[in-house]
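Notes follow once the structure below has been shown.
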Amino acid sequence: MFAFTTAFALLAFAATAVRGETHTVTFDNRCGRGTPTLIGQGGAVLSTGGMSFLLYHLYIMLNKAHSGAYTINGPLIGAIAYLQTGSCGFNGEGCTLLETTLRNPPSPGAGSSTDLSLIAPHSFSVTTGFGYYNGCDGAGADCTGPNCNTAFHVSTDTFVQVACQANNVNLAITFCD
């Protein structure tokens, strides 16, 4: 019996250890237009909202929100997100920008951090907000206009960064809420 219990405990531990770090970025586009865009380090397009062109237009016809999600197994370092309305540059120029790093903290205070940016060449385009979930629930920010105090306007506005020290935290990004 001891050998069976020990083997089961080791198997359960191994299954948990193999699962490792994972994070999900979820988009909720309530604007009725545009494409949620997630760009990773090095300029890789990680997600454009998670919906096919046909499904997106079906949702628009039904007056539904365009939503989608992107999951990564491991940390997401230095990613940006914005709602591509046709006027945004590839790196979100001309639009409200969200910057995020999602990672399990390797040391105290070194976990996830997310912020909104209106530092030129970025500028307010649509109401943009975010919130953590599956850890640090309720922590987030919304920018509802060009003078919002929850976004970077100059590089020294570091007080707008929202940190989270929970493992495997996820991020919900909402446009036009």
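Quick one: Gly89 ticks every box in (1) closer than 20 Å to Gly42 by Cβ; (2) surrounded by 23 or more Cβ atoms within 10 Å (Cβ to Cβ) except a single one, so which number is it?
Exception for Gly89: condition (2).
Considering only segment 85-103, how many residues are without any contact (Cβ under 8 Å) to a residue 60 or more places away in the chain and assigned to a loop (DSSP other than H, G, I, E, B)?
Step one: of segment 85-103, the residues without any contact (Cβ under 8 Å) to a residue 60 or more places away in the chain are 85-97, 99, 101.
Narrowing the set further to residues that are assigned to a loop (DSSP other than H, G, I, E, B) leaves 85-96.
Adding up the residues that qualify gives 12.
Being touching a helix residue (DSSP H, G or I) at 6+ places or on another chain (Cβ under 7 Å) and either in contact (Cβ under 8 Å) with a residue 12 or more places away in the chain or outside any strand (DSSP E or B) (or both) narrows it down to one residue among Asp142, Asp115, Asp137; which is it? Explain how you work it out, then say what you get.
Values: Asp142 fails: touching a helix residue (DSSP H, G or I) at 6+ places or on another chain (Cβ under 7 Å); Asp137 fails: touching a helix residue (DSSP H, G or I) at 6+ places or on another chain (Cβ under 7 Å).
When all the criteria are applied, what remains is Asp115.
Yes/no per residue for (1) within 24 Å of Gly34 (Cα to Cα); (2) modelled with pLDDT of 95 or more; (3) in contact with a Lys or Arg (Cβ under 6 Å, 6 or more places away or on another chain):
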position	(1), (2), (3)
Asn63	yes, no, no
Ala81	yes, yes, no
Glu93	yes, yes, no
Glu99	yes, yes, no
Leu118	yes, yes, no
Ser123	yes, yes, no
Gly135	no, yes, no
Thr150	yes, yes, no
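Would it be correct to say that Ala163 is in contact with a Leu (Cβ under 8 Å, 6 or more places away or on another chain), of a type outside the set (Ser, Thr, Tyr), in a strand (DSSP E or B) and surrounded by fewer than 20 Cβ atoms within 10 Å (Cβ to Cβ)? Let's see the steps before the verdict.
Working: in contact with a Leu (Cβ under 8 Å, 6 or more places away or on another chain): no; of a type outside the set (Ser, Thr, Tyr): yes; in a strand (DSSP E or B): yes; surrounded by fewer than 20 Cβ atoms within 10 Å (Cβ to Cβ): yes.
Spelling it out, it is not the case that Ala163 is in contact with a Leu (Cβ under 8 Å, 6 or more places away or on another chain), of a type outside the set (Ser, Thr, Tyr), in a strand (DSSP E or B) and surrounded by fewer than 20 Cβ atoms within 10 Å (Cβ to Cβ).
Let me spell it out: the conditions are (1) surrounded by fewer than 16 Cβ atoms within 10 Å (Cβ to Cβ); (2) of a type outside the set (Gly, Ala, Ser); (3) within 15 Å of the chain's Cα centre (by Cα), and Asn147 meets all of them except one. Which number is the exception?
Evaluating Asn147 over (1) surrounded by fewer than 16 Cβ atoms within 10 Å (Cβ to Cβ); (2) of a type outside the set (Gly, Ala, Ser); (3) within 15 Å of the chain's Cα centre (by Cα) leaves (3) as the failure.
The values are calculated or read from the model by the stated rules, or taken from the named source; none is laboratory data. What you see is a predicted model, and the numbers here were worked out from it, not measured in a lab. Every residue, glycine as well, gets a Cβ built from its backbone with ideal geometry; the counts of neighbours run over all protein chains shown.
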